[in-house]
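First up is the structure itself, then whatever we jot down about it.
The values are calculated or read from the model by the stated rules, or taken from the named source; none is laboratory data. This is a predicted model, so every value here is computed, not measured. Here the Cβ is made from the backbone with ideal geometry for all residues, glycine too, and neighbour counts use every protein chain on show.
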Amino acid sequence: MEEKNVPRSSRRRIVLKISGEGFCPPQERGIVMDSVNRLASQIAEVAASDIEMAIVMGGGNILRGAAFKAANSSIAETTAHYMGMLATLINGLALQDAIEALGQPTRLMTTVRADSVAEPYIRRRATRHLEKGRVVIIAGGTGLPFVTTDTAAAQRALELDADILLKATKVNGVYSDDPEKNPNAVFYDHLSYEEVSVQKLRVMDQEAIAKCAEHGMPVMVFNFRTEGNLLRAAKGEHIGTIISNQASK
Ligand code: UDP
């Protein structure tokens with residue numbers, strides 16, 4: 001019998017992009033489990049609130065392909081990007097255990113094959129996990145070199161039919177300039193996709209923003225280091241910068 005297209009669950013569904021920088025204290029690198037545990041408890045709190053959540057894992061705390069290539073002439077850029085994708089898998093394993101230690105079931109899925117540690121990413125399977133209340137961690141980015149996990153996050157938000165793409169960062173949202181370097185940087189409460197592209201604001205990859213713009217996927221950039229922010233963001237509270245079709249006031 002032919003399978004019918006099942007409508008998606010009526011629960012709120014979010015895709016959360018976590019950069020590798022969330023995995024260690026500021027200015028440090030690698031994986032510091034204290035930082036991961038803090039993130040994990042915020043994530044478990046969201047899952048306990050009946051919100052479906054898929055997390056797209058970054059890897060910049062271990063390695064970013066472009067920067068690694070720039071510092072090492074003997075490596076091919078493609079190889080460096082694949083190393084970055086594997087870094088997201090290492091992070092994913094750490095996050096999975098940290099979340100499950102809190103009693104919240106998870107599934108780690110990856111676009112780069114790693115059968116002994118993670119399931120292959122299959123959209124329908126990911127959807128099923130979400131419906132069953134499991135937190136889905138997606139490693140490996142898009143599985144393709146020369147892009148970053150921002151593009152993967154936009155892609156997953158669209159194909160998993162998320163209500164919103166949340167981008168967790170170390171600052172309160174989007175500014176006209178880097179607020180950690182320029183004290184006069186202006187904070188934006190709301191931006192249109194076009195404003196982000198035209199002003200070349202460093203929110204996400206241009207490709208990621210273009211994807212969200214094309215399909216009207218709203219994005220909220222917020223500060224994950226503030227306790228309780230992830231739950232507020234997940235529930236739909238406007239706590240950072242929202243990027244949508246609507247222009248800034
Ligand atoms: N990467 C890639 N393709 C993808 C996603 C990631 O090649 O679809 C590589 C890329 O080199 C990137 C690295 O993996 O720099 C780590 O991801 P990202 O820089 O997005 O991590 P984040 O900055 O979010 O921690």
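Note on the stretch 12-27: residues that are modelled with pLDDT under 95 and either of a type in the set (Val, Ile, Thr) or away from the ligand (no atom under 11 Å from the Cβ) (or both) total 3. Checking the stretch 50-62 against the condition returns a match, with at least one residue being within 11 Å of the ligand (Cβ to nearest atom), outside any helix (DSSP H, G or I), of a type in the set (Val, Ile, Thr) and without any contact (Cβ under 8 Å) to a residue 60 or more places away in the chain.
Looking only at the stretch 63-98, count how many residues are among the charged types (D, E, K, R) and within 7 Å of the ligand (Cβ to nearest atom). Counting residues in the stretch 63-98 that are among the charged types (D, E, K, R) and within 7 Å of the ligand (Cβ to nearest atom) gives 1. Would you confirm whether any residue within the stretch 14-36 is in contact with an Asp or Glu (Cβ under 8 Å, 6 or more places away or on another chain), outside any strand (DSSP E or B), surrounded by 14 or more Cβ atoms within 10 Å (Cβ to Cβ) and not hydrophobic (A, V, I, L, M, F, W, C)? There is no residue in the stretch 14-36 that is in contact with an Asp or Glu (Cβ under 8 Å, 6 or more places away or on another chain), outside any strand (DSSP E or B), surrounded by 14 or more Cβ atoms within 10 Å (Cβ to Cβ) and not hydrophobic (A, V, I, L, M, F, W, C).
Listed by first and then second residue, the pairs linking a residue in the stretch 227-239 that is over 13 Å from Ile164 (Cβ atoms) to a residue that is hydroxyl-bearing (Ser, Thr, Tyr) and in a loop (DSSP other than H, G, I, E, B), with Cβ atoms under 9 Å apart and 6 or more places separating them unless they lie on different chains, are Leu231/Ser49.
Condition first: of a type in the set (A, V, I, L, M, F, W, C) and within 23 Å of Ala54 (Cα to Cα). Now tell me which residues in the stretch 166-199 satisfy that. Result: Leu166, Ala168, Val171, Val174. When the strands (runs of 3 or more DSSP E) confined to the stretch 119-220 are screened for residues that are closer than 25 Å to Leu86 by Cβ and not aliphatic (A, V, I, L, M), those reaching at least 1 such residues are found at 164-169.
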